[in-house]
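Encoded as structure tokens, the structure appears first; notes follow it.
Just so you know, all these numbers are worked out from the coordinates, no wet-lab data involved. Everything quoted here is computed from the prediction, not taken from an experiment. Positions of Cβ are backbone-derived with ideal geometry, glycine not excepted, and every protein chain shown enters the neighbour counts.
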Number of protein chains: 2
Amino acid sequence: MITVVKIGGHVLDAPHRLQAFLNAFAELVGPKILVHGGGKMATAIGARLGIESKYVAGRRITDEATLELVTMVYAGLLNKRLTASLQSLGCNALGITGADGNSIRATRRAVAEIDFGYVGDVHERGIHVSFLRDLLQRGMVPVIAPLTHDGQGGLLNTNADSITKVVAAALAQVMPTRIIYCFEKAGVLLDPKQDTTVMPHIHASGFRELMAAGAIADGMIPKLNNAFAALDAGVRTVVIGQAEALSQLVAGTKGTQIL
Amino acid sequence: MITVVKIGGHVLDAPHRLQAFLNAFAELVGPKILVHGGGKMATAIGARLGIESKYVAGRRITDEATLELVTMVYAGLLNKRLTASLQSLGCNALGITGADGNSIRATRRAVAEIDFGYVGDVHERGIHVSFLRDLLQRGMVPVIAPLTHDGQGGLLNTNADSITKVVAAALAQVMPTRIIYCFEKAGVLLDPKQDTTVMPHIHASGFRELMAAGAIADGMIPKLNNAFAALDAGVRTVVIGQAEALSQLVAGTKGTQIL
């Protein structure tokens with residue numbers, strides 16, 4: 001079973017939580033991949049560089065300066081820190097973007113109402129499965145930064161939850177694969193303010209009902225959409241939960257299992 | 001024959017020269033590795049971030065802020081741009097630092113008269129030869145940023161010429177290996193101001209004589225010391241010359257061959 005673990009932004013900004021997560025990740029048995037998000041560091045370093053974070057309709061626009069910024073912060077600072085830390089824990093990490101080894105080729109998002117700039121959309125057919133599988137077979141642990149490439153020499157800013165979904169879906173065609181989405185909350189919560197209201201399971205029908213009732217937090221909706229799409233694409237199990245509880249999420253004793 | 005190519009700072013700052021170099025590099029037949037330096041971009045971005053470049057006795061000090069800066073610029077911006085560009089030229093580049101795949105483990109330089117900060121010294125025994133050889137055997141092209149790790153979770157700023165030398169020396173133990181040091185000059189010049197005075201060959205004895213006569217440019221001395229050390233360590237040939245002339249340097253019709 002291949003385990004694809006996504007680690008979200010807020011945990012990347014909290015050194016102690018991140019260390020607890022990395023310890024648990026390093027101990028995880030079997031072939032595994034870590035996909036990381038961006039965190040607030042890009043915004044903070046961007047502010048020091050005079051690069052303004054631009055949003056249209058609540059969504060970040062990646063202009064040329066922003067692409068440079070996220071390439072520095074995601075593929076440089078974050079990815080290499082995670083890689084060096086995992087190496088010190090005996091985990092043979094290899095930090096990559098989608099350009100490295102042509103691992104993830106994406107399509108630049110077409111300009112419709114909004115021009116998102118250098119943003120890539122990913123699809124299973126853009127995943128270089130044999131490259132990732134070879135790394136896993138040799139005991140290596142790919143650590144994927146949320147950047148892909150267009151095959152024309154350009155890098156593209158790409159959502160880490162989406163990368164997690166398509167990488168797992170592509171690998172699921174050749175080996176049983178599961179996804180663990182890790183973030184700061186204990187799972188999918190019935191009351192977003194109360195960590196004790198974590199739902200142990202959620203079905204697609206239950207998700208639609210809760211969404212209709214407005215009971216699902218905004219940030220959780222794309223995550224759950226990705227989770228259900230991954231299951232549809234052949235991923236065995238998807239669990240959402242707290243980063244530090246990674247081993248219990250894998251064991252099925254904590255977090256929310258998506259069914 | 002494995003070809004280890006070093007591309008120096010000034011060429012990285014000149015887009016047209018860099019493109020000509022990358023075209024030639026992509027066309028190079030056989031297993032190959034690219035090691036890149038830093039260029040002026042780190043200083044320029046550092047200035048925008050308010051990170052001052054500090055020098056003691058003419059040598060750069062890597063404090064914590066500088067280490068963050070070079071990790072962003074070398075491992076992020078430069079390394080991923082080179083990787084994405086090479087991918088667009090049909091060259092299956094994989095951008096790495098020494099932390100990735102534990103490829104280069106270094107020792108933090110001991111504090112003697114000067115504390116250089118987070119600077120790594122490399123030795124052949126720190127090179128993960130089987131990892132690099134496996135990549136080469138599968139047709140991949142490692143693109144190495146000038147950063148290594150200490151195995152304790154720390155990254156270290158490391159001279160790219162030295163990385164080139166030790167990587168080539170380590171690989172030379174398992175396969176014939178050559179080094180091409182590429183920079184902005186046509187080779188080792190008798191008169192550093194005249195590109196027409198390139199020496200087709202230089203021997204260790206001739207180097208010592210020229211150095212005693214003060215005829216070798218300052219920046220060239222460590223490069224030539226690395227070149228002679230590489231030959232002593234079993235590297236077959238070392239050539240120094242202009243980046244855009246890479247194919248002629250490989251063919252032996254341009255540049256300076258080190259004997």
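Among B:82-93, B:112-123, B:49-60, how do they line up from the highest to the lowest mean number of other beta-carbon atoms within 10 Å?
Numbers: B:82-93: 21.8, B:112-123: 16.9, B:49-60: 11.8.
Highest-to-lowest ranking by the protection proxy: B:82-93, B:112-123, B:49-60.
Using the alpha carbons of the protein assembly as shown, what is the convex hull volume per residue in cubic angstrom, as a whole number?
So the per-residue hull volume is 145 Å³.
Just checking the output field for A:41-47: average partner chain Cβ neighbours within 10 Å of each residue's Cβ?
Mean partner-chain Cβ count within 10 Å for A:41-47: 1.
Check the straight Cα-Cα distances from residue A:54 and name the lysines below 21 Å, setting aside those fewer than 8 residues away within the same chain.
Hits, sequence-local ones excluded: A:40.
For a quick protection proxy, order the peptides A:96-107, A:133-144, A:150-161 by their average other-Cβ count within 10 Å, most packed first.
A:96-107, A:150-161, A:133-144
Under a 5 Å amide H to amide H cut-off, with H placed in plane at 1.01 Å, what residues pair with residue B:32 once short-range neighbours are removed?
Correct list: B:3.
Between segment B:32-108 and segment A:56-101, how many Å separate their Cα centres?
Between the Cα centre of segment B:32-108 and that of segment A:56-101, the gap is 14 Å.
If you count, for every residue in B:150-158, the Cβ atoms of partner chains within 10 Å of its Cβ, what is the mean?
For peptide B:150-158, the averaged partner shielding equals 3.
Under the definition of Cα pairs under 8 Å and six or more residues apart, what whole-number percent is the relative contact order of chain A?
Taking the mean separation of contacting Cα pairs over the length of chain A, I get 23 percent.
Return the long-range amide H neighbours of residue A:96 (sequence gap of 5 or more, or a different chain), with a cut-off of under 5 Å between placed amide H atoms.
Counting only residues 5 or more places away or on other chains, the set is A:143, A:144, A:145.
Is there a simple number for the mean count of other chain Cβ atoms within 10 Å of the Cβ of residues in B:81-91, and what is it?
If you average over the peptide's residues, the count of other-chain Cβ atoms is 6.
Using +1 on the beta carbon of Lys and Arg, -1 on that of Asp and Glu, and nothing else charged, what's the dipole of segment B:2-258 about the Cα centre, debye to 20?
Charge dipole, segment B:2-258, about its Cα centre: 420 debye, nearest 20.
Contour minus end-to-end for residue B:138 and residue B:195, with contour as 0.36 nm per residue of separation and end-to-end as the Cα-Cα distance?
Extra length available between residue B:138 and residue B:195 comes to 16.6 nm.
Toward the positive end of the charge dipole of chain A, about the Cα centre and with charges on Cβ (Lys, Arg +1; Asp, Glu -1), which of A:56, A:197, A:71 goes farthest?
With unit charges placed on the Cβ atoms, the residue in question is A:197.
Nm distances between the label at residue B:29 and the same-position labels in the remaining copies, 7 Å along Cα→Cβ, shortest first?
5.0
Cut-off under 26 Å on the C-alpha distance; same-chain residues fewer than 8 positions from residue B:254 excluded. Which lysines are left, in chain and number order?
Residue B:254 reaches B:6, B:32, B:165, B:185, B:193, B:223.
Under a 10 Å cutoff between Cα atoms, tell me which one of B:15, B:176, B:200 has the largest fluctuation in the Gaussian network model of chain B.
B:15
Could you work out the relative contact order of segment B:51-190? I mean the mean sequence separation of Cα pairs under 8 Å and 6+ apart, divided by the number of residues, in percent.
Relative contact order comes out at 24 percent.
What are the distances, in nm and sorted shortest first, from the label point of residue A:217 to the label points of the same position in each other copy, with each label point placed 7 Å from Cα along the Cα-to-Cβ direction?
5.8
Can you order the peptides A:5-11, A:37-43 by their average number of other Cβ atoms within 10 Å per residue, highest first?
A:5-11, A:37-43
Just to be sure I understand: chains A and B are related by a rotation, so which residue of A has its Cβ closest to that axis, and how close in Å?
A:76, 1
Considering only A:24, A:213, A:186, give the residue with the highest GNM mean-square fluctuation for chain A, with springs between Cα atoms whenever their separation is below 10 Å.
Most flexible of the set in this elastic network: A:213.
Would you mind listing the distances between the residue B:56 label point and the same position in each other copy? Use 7 Å along Cα-to-C-beta, nm, one decimal, shortest first.
5.1
Three principal axis extents, largest first, for the C-alpha atoms of chain A, in Å?
Extents along the principal axes, in whole Å: 45, 43, 36.
Is segment B:1-147 rounded, prolate or oblate when judged by the Cα gyration tensor, a ≥ b ≥ c being the square roots of its eigenvalues, rounded requiring a/c under 1.5 and prolate requiring a/b larger than b/c?
On the way: a/c = 2.32, a/b = 1.38, b/c = 1.68.
It is oblate, given that a/c is not under 1.5 and a/b is not larger than b/c.
Among the GluC sites (Glu not before Pro) within segment B:153-259, which fall in a DSSP loop and have no more than 16 other Cβ atoms within 10 Å of their own Cβ?
Sparse-neighbourhood loop GluC sites (Glu not before Pro): B:184.
Can you compute 3J(HN,Hα) from phi for each residue in segment A:185-198, using the Karplus curve 6.51 cos²θ - 1.76 cosθ + 1.60 with θ = phi - 60°, rounded to whole Hz and x for Gly and Pro?
Rounded to whole hertz, the list is 8, 6, x, 7, 9, 5, 10, x, 8, 10, 5, 7, 9, 5.
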